[in-house]
Every structure is written in structure tokens, then in C-alpha cells.
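Working notes for the structure below.
The values are calculated or read from the model by the stated rules, or taken from the named source; none is laboratory data. In this text the structure is predicted, and so the values were computed from the model without any measurement. Cβ coordinates were reconstructed from backbone atoms using ideal geometry, including for glycine residues, and neighbour counts include every protein chain displayed. Ligands, DNA and RNA are stripped out before the accessible areas are found, and what is left, the full protein with its side chains, is counted by its heavy atoms. Shrake-Rupley method; radii C 1.70, N 1.55, O 1.52, S 1.80 Å.
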Amino acid sequence: MRNRRTTTSVLIAATVLTATVSSLPAAATPASTAPYTCPTGVAAAMTTVNDYWLAHNSHPTGLDWTTGAYFTGDMAAARALNSQQYQSYAANWANSVHFALKGGPSDTNANDQAVGQTYIELYQQNPSQSSDIAQIKQSVASMVNSSKVNDWFWIDALFMAMPDFAKLGALTNTQADFTKMYAEFQNTQHGLYNAGKGLWWRDKSFTGKNIYWSRGNGWVAAALARVLDVLPANDSHRATYVQTLQSMAAALRAAQQPSGFWYVNLGDPTQYPGPETSGTAFFTYALAWGITNGILDAATYGPVVTKAWNAMASTSVQSSGALGYVQGTGTSPSSAQPVTAKSTGSYGVGAFLLAGSELIKMGCSA
């Protein structure tokens, strides 16, 4: 086990000036470069929320999907904010759990594979430590070598597992990882995606019903962004992932509420109406990623992203630094109700940090 250097975190200024983005870098120019106004204080809000989380969770030891989802955001924030503290927090956790999967190296449960994304990112920073990714590599390889393609029978699994396949495939230049990832994705999509609406049912128990769980769809949108971020440009199935994200984006734009939030049921906003942070944050991240990478039109989706972030920054972020209105663990809009200012969760914090990190890439904060 190696020790990673820990230094004092870089403090982020409490106020970030309003920025107006009129264009994107040439490598990621969207269809339209019409100006849109960025939200203010992105870095400050991210720092407030994550510093609060670290102060109240000083020695994380979890290996489940909630922990995995959190650290995807913590790692993104470490990069976006140049924070050694956030980087060391992830590294110290990974070292303390020995870069393990919950069920060991033969574990192929998508929920348990979620932590692998952070292991891979830490390994990329120090490739001499091959043991860091030994278990997640063995887990993915066991799926690649299997003829099964129905492992991801609920949509949350796409976020938990797909980026592992994409990251390892890109890291080792292994086409089999990309091929298996698509086969599993296609099987899930055929059963749970309503192409006419651009939205997903959480699992087969919801198929045909007007229940499109916000966080469940957030898992999918964020998964697509994280996969496309590392997937080779010439991958034969890249266009399918892009088209799916674009279709989802159009549906999400229509489903956004006047407040800027997305409510827990995208199909019926009158069912348990009110703010919900986790789905909103994942959507904000995915849409912002799409803008940054030229997949979504900046003039069309920039205002959607700004409205969503402002809603979270003004309503979800509590004066203490806690992130509220995060629906508790569950499987549907009815889970963990009511959702209140005191409702929080590590995965919600992770989603918020992912969203903010992508906004910074858009030029919305220094």
C-alpha cells in the first residue's frame, strides 16, 4: 500500500464573477455559439459543500455505490479546483480499503463496481501501482469473457459500471471492453428506454408506465457523458451513445420546472412535486458536458444548465454547507419521501461536484 502526499487544500474565493460564454474552444465548438450567461459562485459553492462533507465524514470506509458515486465527484472537484485536499481524501480512502471491491475480484455487481472508477483515475496518476486496479480489472474481464449480456437490468447500473469498461478499454487499448460494454448497454436500452420520449424506465417493473424516475435518468445521462469523455472517437458505437444523450437532453429540457429543478417523476411533475437535487445535479453535469464537447447546442442548453445550477446553489446548499433536497436511496419517485432541506446523501454531493466541475470547464468560474 502506498502513501499519497497530503497538503493543505487550496482555498477558493468566496465570490466568482459572472461570466458570459460566447464561444467554446475550437476542439469543442457547438452548433451555435450564441452567448448565454453563466451562473456565479460555482467554485465557492462546490468548496462549501465538499468541505462540509469532508468535515463530517473524515474517514470513509464504504465500498458500495453511494461511496463510488461520491468519489467520482470528489475527484472531478480535485481537478477542477486544483485541490490537493480533495485528491488526498480520495487517495487515503482508496488506500484504506486496499482498492478492493465489495465482493472481491470476482464481484460483477454493477453497484459494487462503482468504486472502480476512482481506482482507475488514481492509477492513471501513478501507473507504477498496478495493484490499484487489479480487482476492478479482474471484475470487468470476467464479464468480458462471459456470454451474458443482461447484467445491467436496472438503469442505475449504467452509471455504476459503464465508465469502468470505457476507462479500462481506453487505458489498455482493449477493444473487447468496448464491445462488451455496448452489448450490455444495448440489452438495457432495448428493454428500458422509451425512444419516443427520450426517457428511461428504472427497471422492467415500470415498463409502460408514466413513471420516469429523475435520479434513474440522471444515472443514465451522467453515464453517457462519462463514457463519451474517454471513448475513442472512432468507436463504432459512439454515435449511438451521442444520439441517446441528445434525445435525453431534449426531453430533459422540456421537463425542467420553472424553478430550475427537475422533480422526482419526469413523466408527472405533480407526483411528489418539489426540489430534488441528485437528479437535477446529474442532468446539469451531463448537459454541461454535452455543451463543452460540442454535442449539445450552447444557446439552447446553456440557459437550462444555468437555471438548474442556480436553483441548487440557492435552495439545495444550506447555510451550514450541507446539501439538501437529495432524495434518499430507493428505486422510484415514491422512495424516501418526503424530500426536504435535511435530506442528503453522498451520491448527491458527488453529483453536485460533477456538475460544478463541468461548469468550470464551460468557463463559468475561474
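A few remarks follow.
- For VAL339, the accessible area of its heavy atoms, probed at 1.4 Å with every protein chain present, is near 30 square angstrom.
- Remark: the ASP229-ALA55 segment gains 59.6 nm on full extension, using 0.36 nm per residue and subtracting the alpha carbon distance.
- Scalar couplings 3J(HN,Hα) for segment 112-125, obtained by applying the Karplus form with A = 6.51, B = -1.76, C = 1.60 to θ = phi - 60°, are 7, 7, 4, 5, x, 4, 6, 4, 5, 5, 5, 4, 4, 7 Hz; x denotes Gly and Pro.
- Highest to lowest packing among 274-285, 70-81, scored as the average C-beta count within 10 Å: 274-285, 70-81
- Comparing ILE291, ILE211, ILE155 in a Gaussian network model of the chain, where Cα atoms under 10 Å apart are tied by springs, the biggest mean-square fluctuation is seen for ILE211.
- Among SER142, SER130, SER214: highest mean-square fluctuation, GNM of the chain, C-alpha pairs under 10 Å: SER130
- Amide H partners (placed H, <5 Å) of ALA341, local residues excluded: TYR325
- Computed over neighbours whose Cβ is under 14 Å from that of GLY260, the net charge equals +1, Lys and Arg +1, Asp and Glu -1.
- Take the chain with all the other protein chains still there, run a 1.4 Å probe, and you get 38 Å² of accessible area per residue.
- Gyration tensor verdict on the chain (Cα atoms; rounded if a/c is under 1.5, prolate if a/b is larger than b/c, oblate otherwise): rounded
- Using R0 = 41 Å, the C-beta based FRET efficiency linking THR179 and ALA299 works out to 0.65.
- Most mobile of GLY345, GLY330, GLY260 in a GNM of the chain (Cα contacts under 10 Å): GLY330
- Once the chain from ARG253 to SER320 is taken as fully extended at 0.36 nm per residue, the excess over their C-alpha distance is 21.0 nm.
- Gained length - SER96 relative to LYS209, 0.36 nm times residue gap less alpha-carbon distance: 36.3 nm
- Neighbourhood charge, 14 Å Cβ-Cβ cut-off, centred on SER335 and excluding it, Lys, Arg +1 and Asp, Glu -1: -1
- Here segment 218-325 exposes an accessible surface that is 48 percent carbon and sulfur, computed with a 1.4 Å probe and the other protein chains kept in place.
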